[in-house]
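Quick notes on the structure that follows.
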Amino acid sequence: EEMARRDELTHLFNRRYFFQALRKELDDARDQRPLSVVVLDVDGLKLINDTYGHAVGDLVLAKLGTLLVESVRAEDVAARVGGDEFAILMPDTDEKRAHAAAARIEEALEQQVICLSPEKSLDLHVSFGVAGYPWSVKDPAQIMHCADIQMYNRKAQRKGSRPAASITSAHA
């Protein structure tokens, strides 16, 4: 049963479990308790896969999964909801606190370094979006859509201002 709720690569909850939990939390939110969803996307994962292979891409995804487990509260639900898309369900969390949590997770991930060899490492970047109840909408699909729009807008604003993923060399 536990294996059916988890993503094999990241050990996070899977998409099905995430949406079940989101629907339940929204049903329970009738008393106007806030609820937030943070959507995260790895910037440039396709380029990482194309340049270094899918094993490195999988390593990136697994590291992000580990970081999310370490970064969320016990009552939060961290999940892999797509190829390189992750979501965190944060019950009793308003918009301001959700943005702060997402920024902390983004900063912690960007401090991670993926070692490719003794001389080379990969620096990672993510983009995030936040939506929730009651300030956004109450439909699970619409909440995810609102968070996705924010994430893609953030990604577009930063595109060109920094690389999606960068290689650092011990000799640089």
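The values are calculated or read from the model by the stated rules, or taken from the named source; none is laboratory data. Keep in mind that what you see is a predicted model, and the values were worked out from it rather than measured. With ideal geometry, Cβ positions are generated from the backbone for all residues, glycine too; neighbour counts draw on all protein chains shown. The accessibility values were calculated without ligands, DNA or RNA, using every heavy atom of the protein model including side chains. Shrake-Rupley method; radii C 1.70, N 1.55, O 1.52, S 1.80 Å.
Taking the conditions exactly as written (at pLDDT 90 or above, over 18 Å from Leu109 (Cβ atoms) and of a type in the set (S, T, N, Q)), does Asn14 satisfy them or not? If you could, list the steps in order and put the result at the bottom.
On the way: at pLDDT 90 or above: yes; over 18 Å from Leu109 (Cβ atoms): yes; of a type in the set (S, T, N, Q): yes.
Criteria met by Asn14.
Given the conditions (1) surrounded by 15 or more Cβ atoms within 10 Å (Cβ to Cβ); (2) assigned to a helix (DSSP H, G or I), and given that Leu89 satisfies all but one, which numbered condition is not satisfied?
Here Leu89 meets the rest and fails (2).
Taking segment 108-143 on its own, how many of its residues are at pLDDT 90 or above and in a helix (DSSP H, G or I)?
Within segment 108-143, residues that are at pLDDT 90 or above and in a helix (DSSP H, G or I) number 4.
Can you find a residue in segment 31-41 that is assigned to a strand (DSSP E or B), over 30 Å from Lys120 (Cβ atoms), out of contact with any Leu (no Cβ under 6 Å at 6 or more places or on another chain) and free of Cβ contacts under 8 Å to residues at least 40 places away in the same chain?
There is no residue in segment 31-41 that is assigned to a strand (DSSP E or B), over 30 Å from Lys120 (Cβ atoms), out of contact with any Leu (no Cβ under 6 Å at 6 or more places or on another chain) and free of Cβ contacts under 8 Å to residues at least 40 places away in the same chain.
Quick check, is Val56 within 23 Å of Leu122 (Cα to Cα), touching a helix residue (DSSP H, G or I) at 6+ places or on another chain (Cβ under 8 Å), open to solvent by 10 Å² or more (accessible area, probe 1.4 Å) and of a type outside the set (Asp, Glu)? Lay out the reasoning, then the answer.
On the way: within 23 Å of Leu122 (Cα to Cα): yes; touching a helix residue (DSSP H, G or I) at 6+ places or on another chain (Cβ under 8 Å): yes; open to solvent by 10 Å² or more (accessible area, probe 1.4 Å): yes; of a type outside the set (Asp, Glu): yes.
Yes: the conditions hold for Val56.
Is at least one residue of segment 144-155 of a type in the set (S, T, N, Q) and either in contact with a Pro (Cβ under 6 Å, 6 or more places away or on another chain) or modelled with pLDDT of 90 or more (or both)? Write out each step before concluding.
Going residue by residue through segment 144-155, those that are of a type in the set (S, T, N, Q) are 150, 153.
Checking the rest, the ones that are also either in contact with a Pro (Cβ under 6 Å, 6 or more places away or on another chain) or modelled with pLDDT of 90 or more (or both) come to 150, 153.
Yes, segment 144-155 contains at least one residue that is of a type in the set (S, T, N, Q) and either in contact with a Pro (Cβ under 6 Å, 6 or more places away or on another chain) or modelled with pLDDT of 90 or more (or both).
Provide a single number: the residues in segment 26-37 that are in contact with an Asp or Glu (Cβ under 9 Å, 6 or more places away or on another chain) and surrounded by 22 or more Cβ atoms within 10 Å (Cβ to Cβ). Walk me through how you get there before you give the answer.
Here is the first cut: in segment 26-37, the residues in contact with an Asp or Glu (Cβ under 9 Å, 6 or more places away or on another chain) are 26, 33-36.
After this cut, where a residue has to be surrounded by 22 or more Cβ atoms within 10 Å (Cβ to Cβ) as well, the list is 35-36.
So the answer is 2.
For every residue, the table says whether it meets (1) outside any helix (DSSP H, G or I); (2) of a type in the set (Asp, Glu); (3) over 23 Å from Met144 (Cβ atoms); (4) open to solvent by less than 70 Å² (accessible area, probe 1.4 Å).
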| site | (1), (2), (3), (4) |
| --- | --- |
| Thr10 | yes, no, no, yes |
| Phe18 | no, no, no, yes |
| Lys24 | no, no, no, no |
| Thr51 | no, no, yes, no |
| Lys63 | no, no, yes, no |
